[in-house]
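Visitor: Please see the structure below; I have some questions.
The values are calculated or read from the model by the stated rules, or taken from the named source; none is laboratory data. A quick note: this is a predicted structure, and the numbers were derived from the prediction, not measured. Cβ placement follows ideal geometry from the backbone for every residue including glycine, while neighbour counts extend to all protein chains displayed.
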Amino acid sequence: MPTAARQHHPHRLTAAVLSAIGASALPVAPAAANVVVLPSASRPADSQIYRVIVPTERQSPTVEVQLRVPDDVGFVLVETPPAGWVGHVLRVGDRTAEIHWIGQGIPPDGYAEFRFLARNPVRSGDIKWPVVQTYANGEVERWIGPPGSENAASRTRLADDVVPQDVVAVNGDPTATAAAASAAAPSAPAPPRAHDGGGRDPMTRVLALVALALGAAALLTAVDARRRGAGGPR
C-alpha cells in the first residue's frame, strides 16, 4: 500500500527534492569577524598598551563596545578614543571591571581601533578578553566563547620569552622599552642608559678613578719635591 501511494503521487517526491535543493541554495549570511585584542602575546607583569580592533560586518553600525577586564589585570588607563567616541571605565571596589566605548557608530564594512594601558598579571598563561558589541539596530554580538568557536573571545598569551612590544616604562625604568628596541634592531649598538655614567661599565669607572687618584698623588709629590729644592742651598 505505501508503494502504491508513492506511485500514484510522484509529484510529492519531486516537490520534496526541489524544496530541499531550494533550501540548500539559499544564501548564507557570512559570520561576523571577531573583535581582536592585540598583542596576542605579552610578558607577565609588563605595563602593556593593548589595541582593540572592532570591525562591523553587519548592515547596522556598531555603537557600543564593552570589554570585560579580568580580575588579575590591574592599573587600567583608557586612551582618548577616536573622534565621535567616548571611553570610560566601570570600577568595582578598587579595580577596573569593564571598559565601555560609546560613539556615533562604526559603519558597515568598516572598523575602529581603541587602546588602553594595563598591567599584566604576574603569571604565565592566557588572558581572556570578553567583548560585547552592540549595533544601532539593537542587535548584540557577544565575543565570549572558547578558542575555535564562532564567537571566540580574543586572548593574550603571557610568557617570559615573549619579545615585548608597545610596553611602557615602569617607574622610569626603560628596561622593557630598550629590550623591545634591541629586539627590533639587534645589530644596532644599545644606547647608553642615563644612570650608568655615559655607557661605561662599573669596572671601567673604577679603573678611571684609580688612575685619577694615582695621577693626583704623583703631581703632589712632584710639587712637594720642587718646593723642597727651591728652599735648599743654592
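Visitor: Could you tell me which of the residues Ala25, Ala4 is at pLDDT below 50, out of contact with any strand residue (DSSP E or B) (no Cβ under 9 Å at 6 or more places or on another chain), under 30 Å from Tyr135 (Cβ atoms) and exposed (fewer than 14 other Cβ atoms within 10 Å of the Cβ)? Let's see the steps before the verdict.
Guide: Details: Ala4 fails: under 30 Å from Tyr135 (Cβ atoms).
Just one listed residue meets the conditions, Ala25.
Visitor: Still on this model: How many residues does segment 69-97 hold that are among the basic types (Lys, Arg) and under 19 Å from Pro44 (Cα atoms)? Walk me through it before giving the result.
Guide: The initial filter retains those residues of segment 69-97 that are among the basic types (Lys, Arg), namely 91, 95.
Filter once more, so that each one left must be under 19 Å from Pro44 (Cα atoms): 95.
Number of matching residues: 1.
Visitor: While we're looking at this one, here's another question. Tell me the residue from Ala178, Ala169, Ala188 that is over 15 Å from Pro70 (Cβ atoms), modelled with pLDDT under 95, loosely packed, with under 11 Cβ neighbours inside 10 Å and of a type in the set (A, V, I, L, M), please.
Guide: Of the residues listed, the single one that is over 15 Å from Pro70 (Cβ atoms), modelled with pLDDT under 95, loosely packed, with under 11 Cβ neighbours inside 10 Å and of a type in the set (A, V, I, L, M) is Ala188.
Visitor: Now, a different point. List the number of the failed condition for Gly105; all other conditions in (1) within 17 Å of Val52 (Cβ to Cβ); (2) not in a strand (DSSP E or B) hold.
Guide: (2)
Condition check ((1) closer than 21 Å to Lys128 by Cα; (2) in a strand (DSSP E or B)) across all residues:
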{"residue": "Gln48", "(1), (2)": "yes, yes"}
{"residue": "Val54", "(1), (2)": "yes, yes"}
{"residue": "Asp72", "(1), (2)": "yes, no"}
{"residue": "Val76", "(1), (2)": "yes, yes"}
{"residue": "Pro82", "(1), (2)": "no, no"}
{"residue": "Thr96", "(1), (2)": "yes, yes"}
{"residue": "Trp101", "(1), (2)": "yes, yes"}
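Visitor: Now a separate question. Considering every residue within segment 61-70, establish whether at least one is part of a loop (DSSP other than H, G, I, E, B), modelled with pLDDT of 95 or more and more than 30 Å from Asp161 (Cα to Cα).
Guide: Yes, segment 61-70 contains a residue that is part of a loop (DSSP other than H, G, I, E, B), modelled with pLDDT of 95 or more and more than 30 Å from Asp161 (Cα to Cα).
Visitor: Moving to a separate point now. So which residues in segment 98-137 are crowded, with 16+ Cβ neighbours inside 10 Å and at positive phi, if there are any at all?
Guide: Gly105
Visitor: Among the candidates Leu90, Leu77, single out the residue that is farther than 21 Å from Arg155 by Cβ, within 19 Å of the chain's Cα centre (by Cα), surrounded by fewer than 16 Cβ atoms within 10 Å (Cβ to Cβ) and hydrophobic (A, V, I, L, M, F, W, C).
Guide: Details: Leu90 fails: within 19 Å of the chain's Cα centre (by Cα).
Within the list Leu90, Leu77, the selection yields Leu77.
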